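Enquirer: The structure under discussion is supplied below as structure tokens; questions concerning it will follow.
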Amino acid sequence: MTIDPETRTLFESSRPGAPGFRFPEADRPDKPESNPVPDTLRRGYPAALPEHGEIETVRHFTKLSRRNYGVDLGFYPLGSCTMKYNPKVNEDAASLQGFTALHPMQSDEDAAGILRLSGELLEGLCEITGMDGGTLQPMAGAHGEFVGMKLFRAAFRARNQMNRTRLLVPDSSHGTNPASAHLAGFDVVTLTSGPGGLLEPDALDPYLDDNLAGIMLTNPSTLGLFETRIKEVADKVHGAGGLLYYDGANLNAVMGRVRPGDMGFDVMHINLHKTFSTPHGGGGPGAGPVLVKKGLLPYLPVPVLVKKKDGKWMRDWNRNQSIGKASTWFGNTGVLVRAFTYMKAMGGDGLKMVSDMAVLNANYLLSCLKEIYTAPYPGPCKHEFVLSAKSLKDNTGVAAMDIAKGLIEYGIHPPTVYFPLIVPECLMIEPTETETKESLDRFVQVMGELRELADRDPEALHHLPRNTVVGRVDEVRAARHPVLSHMMIDDRPD
Ligand SMILES: Cc1ncc(COP(=O)(O)O)c(C=O)c1O
């Protein structure tokens, strides 16, 4: 196997004996083994670590960072991911030593600061969503959904209604919704959206019986549309004894305007790592707090954060109806600190303006791009919208994937593609509120140039991007024959 010197890992470019760091001579030669590691814990062979000088190491990581793409570098309209700019003050707060040096086993008294921050974050999230309490433990949106489904089950168990196993999920919901419901033991029934992309309440009618567990709804849906007939849906589900789960990952569209608690939802999660700083498009750390209405409070994961009479916060482990713990410790603390800082910095009016601007930016882009591409749902939209490249593909052979790869050539991160599945050749675009009109206009211009290239020289588009470290990859081969580990150290060239 030939290794391109530019893409070698530190292991592959290791130079045995190259100095990186020299330990000083022991200053107690009379006691060389004053703190010996027991023989049973010593490795029997040298650690297989790469050897490099400092300069090579620094250059390696600097090169890697320059090949990376992030929201600090350019426009990142990755639909359903809310890749907004992350104010640096949030990073500063999250890296304060008082937070980073804490150990989860420290007493409530020692950890008074982070407990107060967490408690007040929960209070703020409840105010924003109209819910009554919750947990910060889930480490991602999908994790939150799973915890929410476990709460449904606990409620049905307490009511002696374990026959309630059928969970309704519209076809415009996020893919994690049916997966989480299935994993938690429910039988998932997919509801087909109406012609306008919205849920038709009548679609629920065949399932309104004793087996109904409830409905999981992504609102706004993955089509970027707000479910307008939500009150009718809530009345039907509650009327049949079921519960409503709100996937609030897309809260960036509705904060300060509507509250899931007021719409009739019983349980919900928020993707803090989308709406409240820490953009997560690359799969980075997340937090998916789950919020509930009063009736479901007894089932929350332990420990539950409780405010004592003296105003201090404590962790309450004594909950005999709890579903148990949802995380090894207490959640993804760094993400929680960023979210708290963001929430406090923005304030109520600021958060409302965030969603207003996110919706305005998305509608501006939609109105410009529907002139150039097909918009199956012409809007108005919420924080994101979908385009379809189906007719483009039929007429020119240029697919949604080609447009996405073409954008990379222009230094723009592609939108989400081929999702949601109900839109053929889908491009799902979420600009977020932090983009300027100039960056939106440049995106429109580049999308226009790609469209023009598709008509003039479609073949050229199949080969983009050209000016990147990695060009077109063979997606089918990558999926069918994944190489899951890199070269082993023992295989490296001499
Ligand atoms: C609407 C919606 N629900 C759920 C999720 C899942 O969140 P996570 O990726 O944190 O598990 C996402 C992720 O983007 C989402 O957009």
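Enquirer: Using helices alone, I'd like the mean residue ellipticity at 222 nm for the chain: each DSSP H run of four-plus residues gives -39500 (n - 2.57), total over residue count, nearest 500.
Expert: -10500 deg cm²/dmol
Enquirer: Here's a follow-up. So, how do all the Cα-to-Cα distances of the range 348-476 break down into 5 Å bins, in percent, from 0 on up?
Expert: 2, 11, 20, 23, 20, 12, 7, 3, 1, 0, 0
Enquirer: Now for a different question. Please work out the Cα convex hull volume for the range 136-272 and give it in Å³ per residue.
Expert: With only Cα atoms used, the range 136-272 gives 99 Å³ per residue.
Enquirer: So, one more: Could you pull out every whole DSSP H run in the chain that spans at least 24 Å of Cα extent along its own axis and averages 0.5 or higher on the Kyte-Doolittle scale? Don't skip to the end; give the middle numbers.
Expert: On the way: long enough: 112-129 (25 Å, 0.81); 141-158 (26 Å, 0.26); 333-369 (40 Å, 0.71); 437-456 (28 Å, -0.66).
Helices meeting the span and hydropathy rule in the chain are 112-129, 333-369.
Enquirer: Related question: Using a basic spin-label model with each label point 7 Å from the Cα along Cα→Cβ, how many nm lie between Asp187 and Thr40?
Expert: Reported label-point gap for Asp187 and Thr40 is 5.3 nm.
Enquirer: I need Leu484, Leu291, Leu461 ordered by Cβ neighbour count within 10 Å, fewest first.
Expert: Fewest-to-most ranking of Leu484, Leu291, Leu461: Leu484, Leu461, Leu291.
Enquirer: Just to verify a number: FRET efficiency for Cys368 and Arg66, C-beta to C-beta distance, R0 = 30 Å, to 0.05?
Expert: Efficiency, from the Cβ-Cβ distance: 0.45.
Enquirer: Starting at the first residue of the range 371-378, write each ³J(HN,Hα) from the Karplus equation 6.51 cos²θ - 1.76 cosθ + 1.60 with θ = phi - 60°, in whole Hz, x for Gly and Pro.
Expert: Result, rounded to whole Hz: 6, 9, 10, 8, 10, x, 10, x.
Enquirer: Next question, about the same structure. If R₀ is 30 angstrom, what is the calculated FRET efficiency for the pair Glu6 and Glu459, using the beta carbon separation as r and rounding to 0.05?
Expert: Numbers: r = 28 Å, r/R0 = 0.94.
So, using R0 = 30 Å, E works out to roughly 0.60.
Enquirer: Using a Förster distance of 30 angstrom, determine the FRET efficiency expected from the C-beta separation of Leu73 and Ala179, and round it to 0.05.
Expert: After rounding, the FRET efficiency stands at 0.40.
Enquirer: Give, rounded to the nearest 20 debye, the magnitude of the charge dipole that the chain has about its Cα centre when Lys and Arg contribute +1 at Cβ and Asp and Glu contribute -1 at Cβ.
Expert: Using only the charged Cβ atoms, the result is roughly 1060 debye.
Enquirer: Count charges around Tyr246 for me, please; just the other residues with Cβ under 12 Å from its Cβ, Lys/Arg as +1, Asp/Glu as -1. The partial results should precede the final answer.
Expert: Details: positive: Arg259, Lys293; negative: Glu145, Glu227, Asp247, Asp262, Asp266.
Counting the neighbours of Tyr246, the net charge comes to -3.
Enquirer: What is the Cα coordinate range of the range 89-345 on the first, second and third principal axes, sorted by size from largest, in whole angstrom?
Expert: Per principal axis, max minus min of the Cα coordinates gives 55, 38, 29 Å.
Enquirer: Quick check on packing: order 73-80, 267-274 by the mean number of other C-beta atoms within 10 Å, highest mean leading.
Expert: Result, highest mean first: 267-274, 73-80.
Enquirer: Can you pull the three principal axis extents for the Cα set of the range 293-396, in Å, largest first?
Expert: 65, 32, 28
Enquirer: Also, I was wondering about something else. Using only the alpha carbons, work out the radius of gyration and Dmax of the chain in angstrom.
Expert: Rg, Dmax (Cα atoms, Å): 25.9, 85.
Enquirer: Among 249-261, 110-122, how do they line up by average Cβ neighbours within 10 Å per residue, starting with the highest?
Expert: In descending order of packing, they fall as 249-261, 110-122.
Enquirer: Here is a further query. For Thr165 paired with Lys309, estimate the spin-label separation in nm (one decimal), with each label point 7 Å from Cα along the Cα-to-Cβ line.
Expert: 4.8 nm
Enquirer: Assuming 0.36 nm per residue, please report the length gained on full extension of the stretch Glu54 to Met353 beyond their Cα-Cα distance.
Expert: Here the answer is 103.0 nm.
Enquirer: Give or take rounding to whole Å, what are the principal axis extents of the alpha carbon atoms in the range 1-145, in descending order?
Expert: The principal-axis extents, from largest down, are 64, 46, 28 Å.
Enquirer: In addition: Once you place label points 7 Å from the Cα toward the Cβ at Ser485 and Arg472, how far apart are they in nm?
Expert: Roughly 3.3 nm, to one decimal.
Enquirer: Rounded to the nearest 5, what % of the DSSP beta bridges within the chain are antiparallel ones?
Expert: Among the beta bridges of the chain, antiparallel pairing accounts for roughly 55 percent.
Enquirer: Additional query: Place +1 on the Cβ of every Lys and Arg and -1 on the Cβ of every Asp and Glu in the range 348-476, take the dipole about the Cα centre, and give the residue among Thr396, Leu440, Ile412 whose Cα lies farthest towards its positive end.
Expert: Farthest towards the positive end: Thr396.
Enquirer: So for the chain, averaging the separation of alpha carbon pairs under 8 Å that are six or more residues apart and normalising by length, what relative contact order in percent results? Don't skip to the answer; put the middle values down first.
Expert: On the way: 868 pairs, mean separation 91.1, N = 494.
Once divided by the residue count of the chain, the mean separation gives 18 percent.
Enquirer: Which order do peptides 445-458, 411-424, 210-223 fall in by mean Cβ count within 10 Å, highest first?
Expert: Sorting 445-458, 411-424, 210-223 by mean packing, highest first, produces 210-223, 411-424, 445-458.
Where a number appears in this text, it was derived from the coordinates with a stated rule and is not lab data. What you see is a predicted model; the values in this text were computed from it and never measured. Heads up, the Cβs are rebuilt from the backbone with ideal geometry, glycines too, and the neighbour counts pull from every protein chain shown.
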